[in-house]
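The values are calculated or read from the model by the stated rules, or taken from the named source; none is laboratory data. Bear in mind the structure is a predicted one, so any value in this text is a computation, not a measurement. All Cβ positions, even for glycine, are placed from backbone atoms using ideal geometry, and neighbour counts span all protein chains on display. Each accessible area value is taken on the protein alone, full model and side chains, heavy atoms only, with ligands, DNA and RNA left out. Shrake-Rupley method; radii C 1.70, N 1.55, O 1.52, S 1.80 Å.
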Amino acid sequence: CPPAVFPLSCTVQNYSWGKLGLASEVAKLLASSDPLVQIQPDRPYAELWMGAHPRGDAVIRDNRIPQKTLGQWIADNPACLGAKVKDTFQGHLPFLFKVLSVNTALSIQAHPNKELAAKLHAQFPEHYPDANHKPEMAIALTPFEGLCGFRPVAEIVSFLQSVPELRALIGEVAAEQLERSGSDDPRGVSAALRVCFTRLMKSEKKFFVDQLNMLVKRISQEVAEGKDTSGSNGELLLRLHSQYPGDIGCFTIYFLNLVRLEPGEAMFLGANEPHAYLHGDCVECMACSDNTVRAGLTPKFIDVLTLCEMLNYTPAPSSSKIFPAAQSQLDPNVYLYDPPVPDFAIMRIEIPSSIKLYLISAVDSASILLVIQGAAVGTSTAAASEIPLCRGSVLFISANESVSLQLSSPDGMLLFRACCLL
């Protein structure tokens, strides 16, 4: 029987929005786990991909295993997924686990549900590479900021009244429709919101660039005069405009919630939820897909019509976007983030310094374990030899296998584990 628990060497993506050099959590994890890696100070280290995605299939770090990558190994040993997972997801690992280090904003985007994904993939395979949905969850490692979901209508109306440039883009008729929509008619509110947001996103390029420049100039003057610009979300507007000058995405801050996560706090992004990560480091887990519909804050392919059609136009306060972790009844060191989709769940495992032996318990699913802090030696009946673990180590654990950790660090450990709990 081949070793069913083994270390992985994972793919780094150097997207331009990533943090540079050792400012990036991705780079720090990489440098710590492999001392031979040279981190380049002026290069962005944006994402670490832990999984079997064809664009970033993890390499197996165990020379007794003939397969080179995790994807190949799973294809040859599908039982390692666990019986339910294997049957439900046709012999594929259903999730992709990541670390993100965000320096400048990611595009305003949403991910399609399965029905829309299949349609987009059939029509435009060059832009939508697969037919799967892509719900995702981000858990902050450092203070993390993102835009997520539509703000309560009162907040949007307040911006429409204090930001004349925004009102000009949306037009008086649509603005008044939103102002008049009552909270007793949620469908009317969503319809009015859809009209306003679509008017914004489809406004004529020259017109919105002029309005944006006027707004930036006005807010810059107010800042110079020491005035409070929070009524027009000035600080964030200037920051996004400096990153993406003349981009329509700058105006979306008036529609979408600004969500701030402290380390350990999470947000879940279901299908059709508009979002854009702005800054910080997080672990992220998602269904295994690359389908993203974008409409701003990006030089990439933009599909405004599809985005405006598909979005979930339900307003909600930013506090409602924070997804709670549940402390495990069986093990007080484990906090479970279990989103309302079957594809993945994440465990945060905090081992205090008082514990020197800890058992990573078996689950009925393949899982991927990431070490964020601390060091240990891992042993398993399913591994051929001891596995040294330190910050940045990534371990694949087959279904129904446990791993015993002998801790060597004085200050405990912090681990994240992605799995599929059907």
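To keep it simple, each residue is scored yes or no on (1) at pLDDT below 95; (2) in a loop (DSSP other than H, G, I, E, B); (3) touching a strand residue (DSSP E or B) at 6+ places or on another chain (Cβ under 7 Å).
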{"position": "267", "(1), (2), (3)": "no, no, yes"}
{"position": "277", "(1), (2), (3)": "no, no, yes"}
{"position": "282", "(1), (2), (3)": "no, no, yes"}
{"position": "291", "(1), (2), (3)": "yes, yes, no"}
{"position": "296", "(1), (2), (3)": "yes, yes, no"}
{"position": "308", "(1), (2), (3)": "no, no, no"}
{"position": "313", "(1), (2), (3)": "no, yes, yes"}
{"position": "316", "(1), (2), (3)": "no, yes, yes"}
Please specify each residue of region 60-94 satisfying the condition of being in a helix (DSSP H, G or I) and hydroxyl-bearing (Ser, Thr, Tyr).
88
Residue count for region 269-280, restricted to those that are surrounded by fewer than 22 Cβ atoms within 10 Å (Cβ to Cβ) and in contact with an Asp or Glu (Cβ under 8 Å, 6 or more places away or on another chain)
1
Enumeration of residues in region 212-234 that are within 24 Å of residue 175 (Cα to Cα) and part of a helix (DSSP H, G or I):
212, 213, 214, 215, 216, 217, 218, 219, 230, 231, 232, 234
Would you please name the residue that is nearest to residue 179 (Cα to Cα), looking only at residues in region 210-234 that are aliphatic (A, V, I, L, M) and surrounded by fewer than 17 Cβ atoms within 10 Å (Cβ to Cβ)?
214
In the set 90, 38, the lone residue that is under 25 Å from residue 421 (Cα atoms), out of contact with any Pro (no Cβ under 8 Å at 6 or more places or on another chain), open to solvent by 70 Å² or more (accessible area, probe 1.4 Å) and not β-branched (Val, Ile, Thr) is 90
Matching residues, region 46-57, being more than 14 Å from residue 92 (Cβ to Cβ) and among the small types (Gly, Ala, Ser)
46, 56
Mind checking which residues of region 106-140 are more than 23 Å from residue 253 (Cβ to Cβ) and hydrophobic (A, V, I, L, M, F, W, C)?
116, 117, 118, 120, 122, 124, 131, 139
Within region 1-24, tally of residues that are open to solvent by less than 10 Å² (accessible area, probe 1.4 Å) and either among the small types (Gly, Ala, Ser) or at pLDDT below 95 (or both)
3
Among the candidates 7, 2, which residue alone is closer than 28 Å to residue 386 by Cβ and out of contact with any Leu (no Cβ under 7 Å at 6 or more places or on another chain)?
2
Would you mention how many residues in region 25-35 are crowded, with 20+ Cβ neighbours inside 10 Å and free of Cβ contacts under 8 Å to residues at least 40 places away in the same chain?
0
Scan region 235-256 for residues that are in a helix (DSSP H, G or I) and open to solvent by less than 20 Å² (accessible area, probe 1.4 Å) and jot them down.
236, 237, 240, 248, 249, 250, 251, 252, 253, 254
When the residues of region 341-397 are narrowed to those that are within 18 Å of residue 288 (Cα to Cα) and small (Gly, Ala, Ser), which ends up surrounded by the most Cβ atoms within 10 Å (Cβ to Cβ)?
366
